[in-house]
Amino acid sequence: MTVRPLITDAKNTWCPGCGNFSIQHALKDVLAGMEKDGRSLDNVVLVTGIGCHAKIADYLNINSFYAIHGRTLPVATGIKLANPDLTVICCAGDGDCYAEGLDHLIFAAKRNIDLTVIVHNNRVYGLTTGQYTPTSPRGFKGKSTPGGTGEDPFNPVALMLASGATSVARGYTKKIDLLRTLIRDGIDHKGFAFIDVLQICATFFPVAEYYTPRVYELTGNDHTDFEAACINAREWDYSGDAPIALGTFYRKTAPVFGGNLPSRNLNTPEREQAVRDILSKMT
Amino acid sequence: MKEVSVLVGGKAGDGINSAGAMVARLLSRLGYRIYLYFDYPSLIRGGHNFAIVRGADTAIGTCGTKVDFILALDQECMERHRNAQKPDTAVIFNRDLVKSGGQGISIREILAAEEAPGIMGNSAIIGGFARAAGIEWETLVKVFSSHIPKGTDQNIRVARRAYDMLSTVRPVEPCPGQPLPLLTGNEAIGLGMVSGGLDAYVSYPMTPSSSLLHFLAGEQEKLGITVIHPENEIAVILMALGFAAAGKRSAVGTSGGGFCLMTEGLSLAGMAELPVVILMSQRTGPSTGLPTYTGQADLLFVLHAGQGEFPRLIVAPGTTEEALYWSAAAMNIAGEFQIPAFILSDKTFSEGTYSTDLSAVPLIPQGNSAAWDRSSPYRRYADTPSGISPIASFGTGGAVVKVNSYAHDEAGITTEEGPIVELMAKKRLRKNEGLAAAMSRYPQVDISGARTATVALLCWGSTAGVCREVAGRLGLRVVRPVVLSPFPKDPLMTALEGAGTIIAVEENATAQLAVLAGQHGIVCAGRVLRYDGRPFTPEDLEMRLREVLP
């Protein structure tokens, strides 16, 4: 095992002040920590969607699958089922994972596949230059909604609780210590770990002044108390003026998907014999 | 040709498909080569289902409209299939529900006498058929014992009562052949995939591909494979690509509508250079169309699906022997060239049952896998003379594997630099040359009928059997490309040498193979097309051909 540089030579093209830098730093630190703990990064795979967030696949010098818009989770699920020894981390965007690929997010939570999902939730489409996303506040004026959106955002933390996610957390790009902890905890969680990260978009939705005075860290909450988690999740509706809880809302241990699948790999002669056995019964 | 045909019909939910399968096994034990066609509407209960089982002393892949036996479980069966009767057709019917000439049995009374559940009614009708056809009682016992795992003895007793009530009216003489395995097209495709190294099959239910999902899910323990049914077809193909990136051989199955959802994933497979095998089993379209009926209208769609340009293999087996061979070959070729490979089937082939002569399945050429030589740093998309980059999958020690849907450089890092974009496009497309060269080791085009006839039928896929049979009667040549991409122009030209008139026979409205062949300079003078969801029968194909023959 070699200690590798964790950043590639790829030219970074995020805007100055972009919240993606914080997520990348936090993830990089977590990876470095894993390596220090003796875990080989050869067994880590990063899966991204498409959007500003996804450039992290080019920037981090680890195995990566730079997938297509909205489709991080099925790719990551296939990788994890193919090789359960791999640590699979998804970095997804809010347009990516809450709009285009919402079905996959809900199903990944429902089946409790052992993955960590970090949603870079900047609440705007950046790469397509400023349209509303499923978590933009009501009335958001973007290029596709110049008169303001006529719909409320949905609450991804509540949605994930309802979908059966076994670890649900929220971070903020200006609270990097907490973010590091949440990512590390998510990776250590055996099951589906979801982290919604409130991320600043420096160009299209620079709302640090809105977030910073409202955020607070959940402390002392019983992570196994589902009702309490739901109450905490509903405190802020991603639109109005309310305190914004950060940290872990919920965590429980449950069977992970794939544990019940036959994992016996047959060698070629065994496989051919199995085919012959089946054919011999078909006369 | 010595042959016999049996029609069994009743309500959806009566177990007509399994009754047909039992009749097929009885005839197979008598040495007949079998083809079974199963016809059913898209509903769960009610509606009319029927199966036609045809046995012959030679390999067949089609059935006619006239039958020697009708096994009628309800009155509708008699009404609908009046035209299937010949003067000497033997009718065995359930007299509780059917009024007919022929031999009636009361299934209700037989079941009551044996205190047997309603589901065993089929055993009574099969027992009646066995006696009417003069099939020895021991043969029936053997078939029931092998294929009815639960309540075997009770089923046999039910069959015996019917067997004893009837008399032999139309004896079916045994043939000299040995019984062969009876496989549906989908079963042959699945077993072929496994022979080709399948590790994971991912699929969302859609007729007529679903029976492959069910078959592999049922046998996954024995075969040591993983079978997953996810939320939709988009997830299906992306999960399969995840398996591929982690070094496992994967395949998916669907029909046209599901494949529409897979096209973005297909294009990703092309760009990211990930192998995946796709069973695309066609049904009548467009859109929902006729879910449980057949069609061949998706050839050009599959050929062109997905944005951008990338190599793909398309094979369309027309026999179960070909399906065993080509499904394994498709797994190997997809893996060797790191490309998507299609097995293009249709309802007729996927759900039809065929006697399968394993001795006629050739050995499958093994491809070369380009393994990483551990030279550092690993570059997932290293440019090579063949265009095939050495493969390391996620989890390989010492390799940082970067798979990318964006235009990328050799290391897999996103790029927008024109020269690199062009270089990598050339690298991907260069695989076409190696693919075409590799295909010359395979039997890409099948020729049957009168091999030197000046009139040739050009067909593909499931019409293999009907074309071969009718061509035999009319003295025509049949030329059938099994490989459709890369287009086997040279072997096709060779196969068509001396054929002054080429007639396309296809189950679509626009003669898609004729269009494709025309792009390669092969001109079809005539077109015989059927697109009502039903497969050609020998009778209607012969009649239609006589209209256009020179």
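A few notes on this one:
- Selection status of B:Arg527, surrounded by fewer than 22 Cβ atoms within 10 Å (Cβ to Cβ), touching a residue at least 40 places away in the same chain (Cβ under 8 Å), basic (Lys, Arg) and closer than 14 Å to B:Ala456 by Cα: no
- Segments classed as helices (runs of 4 or more DSSP H), wholly inside the range B:245-350, with at least 2 members that are modelled with pLDDT of 95 or more, touching a helix residue (DSSP H, G or I) at 6+ places or on another chain (Cβ under 8 Å) and within 12 Å of chain A (Cβ to nearest Cβ): B:256-272, B:320-337
- Answer residue from the range A:242-272, given it is surrounded by fewer than 15 Cβ atoms within 10 Å (Cβ to Cβ) and modelled with pLDDT of 95 or more and is farthest from A:Gly186 (Cα to Cα) among those: A:Ala242
- Subset of the range B:397-426 that is part of a loop (DSSP other than H, G, I, E, B) and under 37 Å from the mean Cα position of the chain (by Cα) - its residue that is surrounded by the most Cβ atoms within 10 Å (Cβ to Cβ): B:Ser405
- Taking each residue of the range B:161-173 that is among the polar types (S, T, N, Q) and looking for partners that are surrounded by 13 or more Cβ atoms within 10 Å (Cβ to Cβ) and assigned to a loop (DSSP other than H, G, I, E, B) with beta-carbon atoms closer than 7 Å, six or more apart or interchain, yields B:Thr168/B:Gly134.
- A:Asn63 vs. criteria within 7 Å of chain B (Cβ to nearest Cβ) and buried (at least 24 other Cβ atoms within 10 Å of the Cβ): yes
- If the condition is being more than 30 Å from the chain's Cα centre (by Cα) and part of a helix (DSSP H, G or I), then the range B:108-120 contributes B:Arg108, B:Glu109, B:Ile110, B:Leu111, B:Ala112, B:Ala113, B:Glu114, B:Gly118.
- Breaking point among (1) part of a strand (DSSP E or B); (2) within 26 Å of the chain's Cα centre (by Cα); (3) of a type in the set (A, V, I, L, M), for B:Val91: (2)
- Where A:Gly38 falls short, out of the listed (1) away from chain B (no Cβ under 11 Å); (2) buried (at least 24 other Cβ atoms within 10 Å of the Cβ): (2)
- Of the candidates B:Gln178, B:Gln154, the single residue that is part of a loop (DSSP other than H, G, I, E, B), surrounded by fewer than 23 Cβ atoms within 10 Å (Cβ to Cβ) and either at pLDDT 95 or above or not basic (Lys, Arg) (or both) is B:Gln178.
- Of the residues making up the range A:1-37, those that are free of Cβ contacts under 8 Å to residues at least 24 places away in the same chain and part of a loop (DSSP other than H, G, I, E, B) number 4.
- The range A:68-99, residues that are within 7 Å of another protein chain (Cβ to nearest Cβ), touching a strand residue (DSSP E or B) at 6+ places or on another chain (Cβ under 6 Å) and buried (at least 24 other Cβ atoms within 10 Å of the Cβ): A:Val75, A:Ala76, A:Ile79
- Among the candidates B:Ser386, B:Ser376, the residue that is among the polar types (S, T, N, Q), part of a loop (DSSP other than H, G, I, E, B) and in contact with a helix residue (DSSP H, G or I) (Cβ under 6 Å, 6 or more places away or on another chain) is uniquely B:Ser386.
The values are calculated or read from the model by the stated rules, or taken from the named source; none is laboratory data. Everything numeric here is computed off the predicted structure, so don't read it as measured data. Using ideal geometry, Cβ is built from the backbone for each residue, glycine included, and neighbour counts are taken over all protein chains shown.
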